1. Quick check: pseudo-label points 7 Å beyond the Cα along Cα→Cβ at residue 56 and residue 3, how many nm apart are they?
2. Determine the gain in length on full extension of the stretch residue 115-residue 322; use 0.36 nm per residue of separation and subtract their C-alpha separation, reporting nm with one decimal.
3. Taking the Cβ-Cβ separation of residue 266 and residue 156 as r and a Förster radius of 56 Å, what is the calculated FRET efficiency to the nearest 0.05?
4. For residue 173 paired with residue 94, estimate the spin-label separation in nm (one decimal), with each label point 7 Å from Cα along the Cα-to-Cβ line.
5. Report the gain in length on full extension from residue 258 to residue 294: 0.36 nm times residue separation, minus Cα-Cα distance, nm rounded to one decimal.
6. Could you tell me the extents of segment 4-184's C-alpha atoms along the three principal axes, largest first, rounded to whole Å?
7. So what is the calculated 222 nm ellipticity per residue for the chain, using -39500 (n - 2.57) for each DSSP H run with n of 4 or more, over all residues, to the nearest 500 deg cm²/dmol?
8. Calculate how steeply helix 110-119 sits against the longest principal axis of the alpha-carbon atoms of the chain, using the helix alpha-carbon long axis, and give the answer as 0 to 90 degrees to the nearest 10.
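Please treat every number below as a calculation from the coordinates, not as lab data. Note that this is a predicted model, so its numbers are computed, not measured. Glycine also receives a Cβ, built like all others from the backbone with ideal geometry; neighbour counts cover every protein chain displayed.
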C-alpha cells in the first residue's frame with residue numbers, strides 16, 4: 001500500500017517505476033472505467049490547450065484523490081492518441097513537460113534529479129552525459145559553444161532538469177500504445193474533448209436556483225438518493241456535479257445524500273467540494289453529457305425537451321429560461 005508521500009511523488013513524476021506500480025495496484029479497469037478518472041483525464045487534456053481550464057496535481061489531501069490524479073495520466077494519453085490530432089499531441093506533451101519541469105524546480109533536490117534521470121533513461125557518467133543523449137533531449141541546441149570531453153557534456157542541475165523534462169516530452173510524443181479494445185465511452189470522451197477545444201464550456205452562472213427546471217434524469221437521481229437505498233458511486237458523481245454547477249450550496253447538496261446508507265457528513269462534504277474544484281486538483285467537474293448518461297444507463301424519463309439538448313446543463317438552462325424564477 002502506497003504512503004501519502006509516495007502517492008504525491010507518483011502524481012508529480014508519473015513515468016517512474018513506482019508510479020506505474022501504484023497505478024496497477026489501484027486496479028483501474030478499462031472495461032468499466034471510473035467516471036471521476038475519465039473526467040479528470042479529460043480536464044488534464046483540455047488544460048493543455050485551454051488557458052481557462054485550471055488543473056493542479058499533487059495537492060489533494062485525500063489518497064483517493066491522488067490515485068485519481070495519477071490514473072488520469074495514462075487515460076489522458078489514450079484520449080490524445082484517439083484524437084489523431086498532432087497539434088493536440090504536441091500541446092499535451094508540452095504541457096506535461098512544463099508541469100514536470102516545475103515540479104523538479106520546486107523540489108530543488110539534486111539527488112532527486114539524478115534518480116529521475118536514471119529512471120527516464122538518461123545515463124550520467126561523473127556528472128556528464130553522452131552528447132547523443134543530449135541532442136536527443138535537446139535537438140535544437142547547438143554544440144558549437146558547448147564544452148565536450150570525449151563525447152560527453154558536463155551537466156549542472158539546471159541542465160539536468162531540462163534534459164529530464166524534454167526527454168519526458170519526447171517519450172509522450174513517441175508513445176501511442178493503448179488497449180486493443182476500449183469501450184465506447186472512450187470515443188465519447190475523445191469527441192467531447194475535440195468539440196470543447198473549439199467551443200465555450202458549460203461552466204456559466206445560471207443565476208438563482210430553480211429545482212423545477214432540473215432535467216428528468218437528475219430528478220430521478222435525487223429520488224434515488226432520498227430513497228434510503230445504496231447509491232452507486234457513478235450516480236453520486238453525476239448528481240453531485242450537476243448540483244454544484246447549477247449553484248446549489250454545499251450544505252444543501254450534502255443534505256441530498258443524507259438518507260443514503262453509511263452517510264458520512266464530513267466525507268460527503270469533502271466529495272462535494274472536490275467536485276466543485278475547491279479541493280484536490282482545483283478542477284470543477286461538469287456532469288456527463290446526455291450521450292454518456294445514456295451509455296451509463298442513467299438517462300431516465302425523457303421528455304420532449306430532452307430530444308433537443310445534448311447535456312443536462314443545457315436542459316436546465318433552457319427550462320429555467322422558459323419558466324423563470326426561483327421555485
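1. Rounded to a tenth, the inter-label distance reads 2.4 nm.
2. Result for the pair: 68.5 nm of gain on full extension.
3. E between residue 266 and residue 156, to the nearest 0.05, is 0.75.
4. 1.0
5. My answer for the length gained is 10.3 nm.
6. So the three principal-axis extents are 54, 36, 33 Å.
7. Calculated at 222 nm, the ellipticity per residue is -17500 deg cm²/dmol.
8. It is inclined by approximately 80 degrees.
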